[in-house]
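Engineer: I'd like to ask some things about the structure below.
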Amino acid sequence: MSNVLPEVINEILTRLPVKSLMKFRCVSKSFKSLIDSPKFIEAHLNQQTLKPNSNTKLILNAHNLFSVDFNSICNGVSTQQPIELEKPLKQLHRPTQVLGSCRGLFFISNNLKYNVVVWNPSTKMFCRLPICPTKPPSRTPRGLGFVQICGGFGYDDSDNGTTHMINLP
Amino acid sequence: MVKLKSNDDKEFEVEEAAVIQSEMIKNMIEDGCATSVIPLPNIDSKTLIKVIEYLNKHINMGKAAETGEEDDLKEFDEQFVNMGWEELFDVIMAANYLNIHELMELCCQSAADRLKNKSVRAVREMLKITNDLTEEEEQEIINDAPWAFEGPEIDDTVN
C-alpha cells in the first residue's frame, strides 16, 4: 500500500458521519485542521445532501426538541419513536422556540431577552449570541403581554460562508 | 484498442469505449498522445487488472439503465469492493490517478464505511498516520465531544 494522498483522505472523510469526524479530529494535527476547515465543512455538507434521505432527520418542536429519521415516517407509518435531543437551554418551565434553521444549524431560544443560541445538533456544539436590546419602532403592533418577534437566519456565501442572523425584538 | 502498461512492465489491451471512463486517458486520446502503449508508473499489474475489470463491466452504464441491468451492476459493485483494505486503497489511488469518477466514488464510500466505527488508534494504523498531538491536545479534543469516543460500536481492529 502506497502513502495516502491528502486529496484521497479528504474524499474519504467527506463520506463519514459527524460522530466519526468528531472522533477522528484526534488522529493527528492535520486531521484536526482539515475537519475544522470551512472548506471541508462545506464539502461534507454537499456530500451528505447528495445521498437522498439517507441521514435526513426531522426535528419536532414540542416543549423540548425531538428528532426522528425522515425515512421512518415516509410511508405514512412511523416505525421509530422520536428521540429527545440533548440541547442547550433546556429548562423545565420554559419551552424552546426554534426561530429558524439553515444548513444544519438551528437558531433557538427559551427567553428572547436573555437566551438566544445558534446550535448544531450533529456536533452538539452551540454558541450563545449577544443580545443587543433595541427599541422597536413605536408603531410596531404588540400583543397583550407578549413581545413581538421579527427575526431571520440565513446563509451568506459571499462572505466566506458566514451565517448571519438578524433578530429584532 | 488502447494499450496500458503497469509499473511491473505488463501490458493490457482495453477497448477504447471502456478506457475513456478514465478522464486522464480520455484526454490523452483526444490530444493524440495514446498512439502507442500508455505507461502507468503508479499502478501495479494486480491493481490494474481490478481497474480494467471494473471498466469493462461498466462499459455500457447508460445501456444498463435502459435494459434493466442496474441491479446486476449494483451487485457487481458490491462484490467488487469486497477486497482487503490495502488492495482497496491501491484501487483508490489508481482511480484517483486515472481520474475515474464512479470508481473513486464507489471505493471511497467503501473505505468510509470501513473506517466509520474504528478507534482513533486503528485509523492511524490503517492510514499510516503518525500521531503528532500531545497528550494535552488529545484530551482537549476529547473534551470537545466526549460522546464521539463512547459507544459499543467502536472497533479497535485493523482490517
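The values are calculated or read from the model by the stated rules, or taken from the named source; none is laboratory data. In this text the structure is predicted, and so the values were computed from the model without any measurement. Every residue, glycine as well, gets a Cβ built from its backbone with ideal geometry; the counts of neighbours run over all protein chains shown.
Engineer: Name the residue, out of B:29, B:20, B:43, B:25, that is over 22 Å from the mean Cα position of the chain (by Cα) and surrounded by 15 or more Cβ atoms within 10 Å (Cβ to Cβ). Show your work before the answer.
Structural biologist: Working: B:20 fails: over 22 Å from the mean Cα position of the chain (by Cα); B:43 fails: over 22 Å from the mean Cα position of the chain (by Cα); B:25 fails: over 22 Å from the mean Cα position of the chain (by Cα).
Exactly one residue qualifies, and that residue is B:29.
Engineer: Consider residue B:129 carefully, then state whether it is modelled with pLDDT under 95 and touching a Phe, Trp or Tyr at 6+ places or on another chain (Cβ under 6 Å).
Structural biologist: On the way: modelled with pLDDT under 95: yes; touching a Phe, Trp or Tyr at 6+ places or on another chain (Cβ under 6 Å): no.
Answer is no for this residue.
Engineer: Additional query: Could you check how many residues of segment B:145-155 are within 7 Å of chain A (Cβ to nearest Cβ) and within 30 Å of the chain's Cα centre (by Cα)?
Structural biologist: 2
Engineer: Could you list all residues from segment A:94-121 that are over 8 Å from the mean Cα position of the chain (by Cα), modelled with pLDDT of 80 or more and surrounded by fewer than 17 Cβ atoms within 10 Å (Cβ to Cβ)?
Structural biologist: Passing the criteria: only A:98.
Engineer: Identify all residues within segment B:27-58 that are of a type in the set (Ser, Thr, Tyr) and part of a helix (DSSP H, G or I); write none if there are none. I'd like the intermediate steps shown before the answer.
Structural biologist: First pass over segment B:27-58, keeping only residues of a type in the set (Ser, Thr, Tyr): B:35-36, B:45, B:47, B:54.
Matches in segment B:27-58: B:45, B:47, B:54.
Engineer: Please pick out the residue among B:142, B:92 that is surrounded by 13 or more Cβ atoms within 10 Å (Cβ to Cβ), over 14 Å from the mean Cα position of the chain (by Cα) and facing another protein chain (nearest Cβ under 10 Å).
Structural biologist: B:142
Let's see how each residue does on (1) assigned to a helix (DSSP H, G or I); (2) modelled with pLDDT under 90:
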residue	(1), (2)
B:9	no, no
B:13	no, no
B:25	yes, no
B:63	yes, yes
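Engineer: Name the residues in segment A:43-56 that are at pLDDT below 70 and surrounded by 13 or more Cβ atoms within 10 Å (Cβ to Cβ), would you?
Structural biologist: Within segment A:43-56, A:55, A:56 qualify.
Engineer: Just the residues that are out of contact with any Leu (no Cβ under 9 Å at 6 or more places or on another chain) and in a helix (DSSP H, G or I), please, taken from segment B:114-137.
Structural biologist: B:120, B:121, B:124, B:125, B:135, B:136, B:137 - these are the residues of segment B:114-137 that are out of contact with any Leu (no Cβ under 9 Å at 6 or more places or on another chain) and in a helix (DSSP H, G or I).
Engineer: Take segment A:1-37 and flag every residue that is part of a helix (DSSP H, G or I), more than 7 Å from every other protein chain (Cβ to nearest Cβ) and of a type in the set (Gly, Ala, Ser).
Structural biologist: Once the filter is applied, which keeps residues that are part of a helix (DSSP H, G or I), more than 7 Å from every other protein chain (Cβ to nearest Cβ) and of a type in the set (Gly, Ala, Ser), segment A:1-37 yields A:30, A:33.
Engineer: Give me a count of the residues in segment B:108-135 that are facing another protein chain (nearest Cβ under 9 Å), farther than 21 Å from residue B:150 by Cα and not aliphatic (A, V, I, L, M).
Structural biologist: Qualifying residue count for the region: 5.
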